[in-house]
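Worksheet: the structure to be examined is printed underneath.
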């Protein structure tokens, strides 16, 4: 009947948007001289780490998952973290703890609520048995090792074609050897 939703992708997008809101809230806290200025420092210090941690997409069970730009090396780093990189229960607890300091200042409260929503969606995906699996890089087509030259003679020499087989403009007399 209906296809099951893969909640981990939603949580991934929510975590990235939460980081953006935390950076914005941190800048506002520091620029407006709020009393709890440490929340701004906290937001600006924690967000880059979470952003790098959440940047690589996990592979979907069904369909194609397109990797993000520059995902390869970061994906290797997250997969080398083992349990902490692939388990969504850990991410649930992590974002639950990250959200707590955000509620001490009004400018970072919105990011705190987003981190709470992110942690709840990661809990839902963990309960449903999802886990983070890196996307394998697509294989590039292998080049054919055989040369197009056979017996020292180019097969398309002077015929108005190049080695790839596409037709060039009319061949000149100089290339034909006349």
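Taken together, the values in this text are just the output of simple stated rules run on the coordinates, not laboratory data. On a predicted model such as this, the values are computed, not experimentally measured, just so you know. As a convention, Cβ positions derive from the backbone with ideal geometry for all residues, glycine included, and neighbour counts pool all protein chains shown.
Below, the figures for the structure above:
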{"quantity": "Using a Förster distance of 45 Å, the FRET efficiency for residue 64-residue 27 (Cβ separation, nearest 0.05)", "calculated": "0.75"}
{"quantity": "FRET efficiency for residue 127 and residue 104, using Cβ-Cβ distance with R0 set to 25 Å, rounded to 0.05", "calculated": "0.25"}
{"quantity": "Under 18 Å from the residue 73 label point (7 Å along Cα→beta-carbon), backbone N, segment 99-136", "calculated": "135"}
